[in-house]
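Input: a single structure, listed below in structure tokens.
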Amino acid sequence: DTTEGTNYSNYSVVDDENTKKILVIGKGRFGSACAQGLKDAYIEVGPDASLVQSNVSLVSATRFMSSDLSSMIEEIADCEFVVYCGTQLPNHSSKLARAMREAKKMSEGEATMEFIDFSNPDPVYEKHDVSGAIDMHLALTKKGDSSSTVMGNGNEENWSASDSSVDDWKVWKITEVGSLDVAGTEGTSRGIVYGAGVSDGEVPRVKMPGLHWVSAPSEKSDLFSEAHLRIMERAEMDRWWDGNVMGLAVFCFTAFYAITRYSVDANGSEPNGNIPMYLLDKAFAWTGLWMMAVSPFAGNVLALGALYNRFSSLPFLDKFVTLFSTILMIIPTIFFSISWVLWGIFRNYWFSPTSRGSKNPLYQTQFNLVGTRDGIEGSQDRLHSMLVDMVTLKGETGNVGFMYALIHSFLGFIVCDVAYKGYWFEPNGRLGWRFELSMTTGAISTTFLFCVALRSLFGHASWIKLKPIYAYMSPLGMWFAVVHVMAFGAKGWDTLFNKNYHNGQMSITFVSSMFPACIFLTHHFMGLFGTKKRVSDKTLWKNSFIHMGTQDFKAVCNRATVKTLEEESRPSCIKLI
């Protein structure tokens with residue numbers, strides 16, 4: 001057996017006469033599935049690494065944690081493992097840890113009790129549960145006092161004195177498993193193992209048939225690393241939500257514009273029956289084009305803002321480039337303003353559960369002239385933080401934009417018909433040269449941007465691999481997309497404000513193509529003269545969700561530090577049960 005993890009051929013002795021007790025706390029769907037999987041599990045014991053069958057007890061987390069301490073100790077006594085599958089572990093960690101310590105001292109023989117946390121809290125909706133395993137380890141390894149414990153019946157027993165050390169307890173955190181995985185109903189799945197009080201590469205001694213233990217990388221295998229990874233993975237997921245919310249905001253604007261310009265009930269002549277496909281196809285194409293240009297748009301605005309902050313010290317050429325770039329960016333800013341407002345409204349609603357007090361964490365000031373500002377209590381800067389988010393969401397917005405563009409590509413095969421686009425075709429039935437140009441550049445753009453989207457989905461890589469994709473293929477793909485749109489309608493731009501054409505409502509090809517065209521012209525113009533390098537020393541802000549996740553992880557670390565200090569300074573007292 002050359003697979004990583006447990007090699008069962010190493011264990012030649014299986015003792016069927018004796019069993020080792022495992023207590024599973026939590027009778028929900030996951031807890032019941034976990035108990036099912038553990039009933040077929042074996043536990044490695046003794047210096048000869050023999051395997052002993054498990055004896056599983058399943059209790060309700062609510063009932064168990066609300067029972068008195070003596071009942072908990074009785075239930076935990078002689079357990080080899082205490083497995084937690086409930087919620088709100090930080091609220092119960094102190095009481096549960098005390099019961100485990102006392103049960104371990106009362107157990108017969110050499111006790112080797114360990115704790116496994118299978119809880120899977122959401123870092124947003126259950127953010128106070130993220131530190132459960134950390135709190136449990138702190139509670140198990142705290143230094144006890146020398147006082148005695150008074151039982152409910154008045155009997156006094158020496159249960160509270162604790163000589164636990166950090167090495168006495170092993171606390172495990174298992175991630176990336178679901179109820180079907182732990183139950184073993186679909187074969188063997190991988191469970192990532194984090195721990196405290198354990199050695200590098202060590203995994204739990206319980207051998208579940210449905211799980212293959214894989215230790216987290218040694219430099220990131222502790223409980224704090226698990227909490228950090230969990231928080232940041234949720235932040236990355238929220239980035240994708242934010243990108244999709246922005247795409248929806250842009251689509252709402254583009255769909256409204258397309259319908260009002262072409263619908264027979266507004267400024268056009270198309271029947272409303274063509275709204276579901278023919279008119280919305282224009283919105284899909286438009287949304288895709290804009291979403292893939294949002295990040296450089298925000299980058300240009302941020303660069304111009306930084307340049308104006310030091311405008312007096314700039315060389316003459318850079319002043320000219322800054323002023324000319326400002327003129328170029330006026331049109332994209334005006335055109336995108338409504339979508340920008342809609343995005344702010346939509347994201348405020350979608351991420352409202354993340355609010356903390358009266359401050360919206362999406363718009364916190366991260367740095368000022370004197371250094372770091374607190375991420376929660378600091379002042380807010382909506383404009384700057386939204387621009388930073390647009391820039392840092394380049395991967396998400398680019399992929400969302402490509403999704404809309406791909407939808408347009410499929411619908412385009414249907415729309416490219418004489419019944420819809422009769423003026424595209426010559427008397428011989430073939431496309432005119434402008435529309436052939438449009439189709440060709442559209443196909444090239446889709447191919448290039450498909451490669452860029454795939455590379456983005458693959459994740460990080462070295463700059464040597466990424467530079468050809470993002471520095472050359474991505475801009476080329478966008479320029480081909482701009483030509484694709486312009487070739488359709490540039491001929492009719494002389495009637496943009498003519499009241500006799502759609503009541504003066506501007507052409508979609510003009511509005512949609514001017515946004516990316518002006519943005520990329522500005523970007524190339526500033527890059528040609530190196531003007532952006534004048535502000536390369538500016539402090540970089542984090543994406544709002546990464547910043548929020550960083551603040552949440554700091555809170556976890558701070559709470560752990562406070563609990564440690566409180567335990568060290570707590571005076572001796574008589575405890576009632």
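What the table shows:
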quantity: Segment 465-477, residues that are open to solvent by less than 50 Å² (accessible area, probe 1.4 Å) and either of a type in the set (Ser, Thr, Tyr) or not in a helix (DSSP H, G or I) (or both); calculated: 474
quantity: From 210, 154, residue being at pLDDT below 90 and open to solvent by less than 40 Å² (accessible area, probe 1.4 Å); calculated: 210
quantity: Selection status of residue 410, in contact with a strand residue (DSSP E or B) (Cβ under 9 Å, 6 or more places away or on another chain), farther than 21 Å from residue 241 by Cβ and modelled with pLDDT of 90 or more; calculated: no
quantity: Qualifying position, being of a type in the set (Phe, Trp, Tyr) and not in a helix (DSSP H, G or I), among 520, 480, 497; calculated: 497
quantity: Qualifying position, being touching a residue at least 40 places away in the same chain (Cβ under 8 Å) and part of a helix (DSSP H, G or I), among 255, 298; calculated: 298
quantity: Criterion violated by residue 169 - all others in (1) modelled with pLDDT of 65 or more; (2) aromatic (Phe, Trp, Tyr); (3) farther than 23 Å from residue 556 by Cα satisfied; calculated: (3)
quantity: Residue list for segment 413-426, filter: open to solvent by 90 Å² or more (accessible area, probe 1.4 Å) and in contact with a strand residue (DSSP E or B) (Cβ under 9 Å, 6 or more places away or on another chain); calculated: 418
quantity: Options 71, 54: the member that is in a helix (DSSP H, G or I) and hydroxyl-bearing (Ser, Thr, Tyr); calculated: 71
quantity: Which numbered condition residue 385 misses (of (1) within 16 Å of residue 347 (Cβ to Cβ); (2) hydroxyl-bearing (Ser, Thr, Tyr); (3) at pLDDT below 55); calculated: (3)
quantity: Residues located in segment 238-266, provided they are farther than 20 Å from residue 515 by Cβ and in contact with a strand residue (DSSP E or B) (Cβ under 7 Å, 6 or more places away or on another chain); calculated: 263, 264
quantity: Count of residues meeting criterion [surrounded by fewer than 20 Cβ atoms within 10 Å (Cβ to Cβ) and either assigned to a loop (DSSP other than H, G, I, E, B) or at pLDDT below 65 (or both)] in segment 122-141; calculated: 4
quantity: Test: residue in segment 29-48 that is of a type in the set (A, V, I, L, M) and open to solvent by 20 Å² or more (accessible area, probe 1.4 Å); calculated: yes
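The values are calculated or read from the model by the stated rules, or taken from the named source; none is laboratory data. Please read all numbers here as calculations on a predicted model, not as lab measurements. Every residue, glycine as well, gets a Cβ built from its backbone with ideal geometry; the counts of neighbours run over all protein chains shown. Heavy atoms of the whole protein, side chains included, go into the accessibility calculation; ligands, DNA and RNA do not. Shrake-Rupley method; radii C 1.70, N 1.55, O 1.52, S 1.80 Å.
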